[in-house]
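The values are calculated or read from the model by the stated rules, or taken from the named source; none is laboratory data. These figures come from a predicted structure and were not determined experimentally. A quick note on method: Cβ atoms are made from the backbone with ideal geometry, for glycine too, and the neighbour counts reach across all protein chains shown. Ligands, DNA and RNA are excluded from the accessible area calculation, which covers all protein heavy atoms including side chains. Shrake-Rupley method; radii C 1.70, N 1.55, O 1.52, S 1.80 Å.
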Amino acid sequence: MQKNSVFADTMMTGFVNGAVMVSYNLILYVLGFTFNKFAGFVAYPLMIGLLTWGMFYRRTQLGGYITYGQSLITGVMISVYGGMIVTLYTVVLFFFIDPQLFEQFFKVQEAELLKNPQMTDEMVDQAISMMRKFMSKESFIGISLVSSAIFGLILSAIISIFVKKNDPNVIAY
């Protein structure tokens, strides 16, 4: 069995992960469900499944064994590569294809904030103003990539518990 480097395996599975998530988001966009909460929640099991698949794939590439640390690193790298693809898609969609999505996003956020009886109109306006400041291309890309890494770390830490399989021929210290 040919063993690929961690970079080759995670890049391939990360790009598959990103392509599937972009496809899912494109379907939501075409159907008009870009900001639908339920559709957003459906993405989580999809992400977990894709990440788990990538981690098991890496374990197979390593001869059927993978330590917790190797699995964790694999999951984070897959998440970062997948996050790059999704971030690129989102930037192209929001900044070039349909810039009006930003206004829709802010309207949805404003409606959510107004549901809170403790929020005054002034507080809502301040919150929306802060959101607008963080929605430049540069900050959006940075926040998106960091979020992918952190979310990937959290998911990978949990999934790695189930994916790890120590080689009985290796003495652990």
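Couple of notes before you dig in:
- Extreme residue, farthest from the chain's Cα centre (by Cα), among residues of the stretch 114-166 that are surrounded by 13 or more Cβ atoms within 10 Å (Cβ to Cβ), at pLDDT 90 or above and not in a helix (DSSP H, G or I): K165
- Taken as a whole, the condition of being within 22 Å of I161 (Cβ to Cβ), open to solvent by less than 60 Å² (accessible area, probe 1.4 Å) and at pLDDT below 95 applies to Q61.
- Scanning the stretch 65-99 for residues that are surrounded by fewer than 22 Cβ atoms within 10 Å (Cβ to Cβ) and touching an Asp or Glu at 6+ places or on another chain (Cβ under 8 Å) yields a single hit, Y65.
- Residue pairs meeting the criteria (Cβ under 7 Å; at least 6 apart or on separate chains; first open to solvent by less than 90 Å² (accessible area, probe 1.4 Å), in the stretch 28-44; second β-branched (V, I, T)): L28/T34; F35/V108
- Condition met for F35 (farther than 30 Å from K164 by Cα, aromatic (F, W, Y), modelled with pLDDT under 95 and part of a helix (DSSP H, G or I)): no
- When N25, N4 are checked against the criterion of being open to solvent by 40 Å² or more (accessible area, probe 1.4 Å), outside any helix (DSSP H, G or I) and touching a residue at least 12 places away in the same chain (Cβ under 8 Å), a single residue qualifies: N4.
- Qualifying residue in the stretch 28-49 (condition: touching a Lys or Arg at 6+ places or on another chain (Cβ under 6 Å), of a type outside the set (G, A, S) and under 22 Å from V146 (Cα atoms)): no
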